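The values are calculated or read from the model by the stated rules, or taken from the named source; none is laboratory data. Because the structure is a prediction, the values reported are computed rather than measured. With ideal geometry, Cβ positions are generated from the backbone for all residues, glycine too; neighbour counts draw on all protein chains shown.
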């Protein structure tokens, strides 16, 4: 695997990006079979990027627009993804492990086999998503929004949830713990003594 110090050209295939600060505008390119480690993309515009078969670790993608693109077989491990915008993207076989995704936007996405493990998703948006196999495991989910999203069979029972923004009619089938059910009852206007 070749290590590069600057992104040049249209595509990256089978390379290692490490300790790199990426700046500038990238109209379109593909990242395939790469390892990205300790890179900072927060000062770049990656609006035309597709990523597949890639591991991304300890990198910063905060406030980056990755909307309307495709992401397949990607692992984001211990990354700063605060404010990341995946709006209307297609994600398949993507795992987010120990990532900070506060203020993330997955609205309008098509999600297939997606895992969030030990992530911070506070103030995130999952509106109008279509999903198949969506897992949240031990995540912080305060003030997360699920509007026009079917929650049937989504298991949040081991997540920290508070002030979920979800219409009452879309709660049907959501899997929660006993304590979480008590806090969700407030959405129904139920007073518990």
Specify which of the listed residues (29, 41) is in contact (Cβ under 8 Å) with a residue 12 or more places away in the chain and either closer than 28 Å to residue 145 by Cα or touching a helix residue (DSSP H, G or I) at 6+ places or on another chain (Cβ under 6 Å) (or both).
41
For residue 159, all conditions in the list (1) farther than 21 Å from residue 102 by Cα; (2) within 18 Å of the chain's Cα centre (by Cα); (3) buried (at least 19 other Cβ atoms within 10 Å of the Cβ) hold save one; what is the number of the exception?
(1)
With the condition being more than 13 Å from residue 17 (Cβ to Cβ), I'd like the strands (runs of 3 or more DSSP E) fully within segment 30-70 carrying at least 1 qualifying residues.
40-45, 49-57
Condition (residue is over 20 Å from the mean Cα position of the chain (by Cα), farther than 29 Å from residue 73 by Cβ, at pLDDT 85 or above and surrounded by fewer than 18 Cβ atoms within 10 Å (Cβ to Cβ)) applied to segment 172-187: is it met by at least one residue?
yes
Note on residue 151: of the conditions (1) modelled with pLDDT of 95 or more; (2) touching a helix residue (DSSP H, G or I) at 6+ places or on another chain (Cβ under 7 Å), unmet is (1)
Any hit, segment 102-110, residues being modelled with pLDDT of 90 or more and over 11 Å from the mean Cα position of the chain (by Cα)
yes
Take the residues of segment 6-37 that are loosely packed, with under 15 Cβ neighbours inside 10 Å and under 15 Å from residue 61 (Cα atoms): which is modelled with the highest pLDDT?
19
Based on this model, can you work out whether residue 127 counts as in contact with a strand residue (DSSP E or B) (Cβ under 7 Å, 6 or more places away or on another chain), closer than 22 Å to residue 68 by Cβ and free of Cβ contacts under 8 Å to residues at least 40 places away in the same chain?
yes
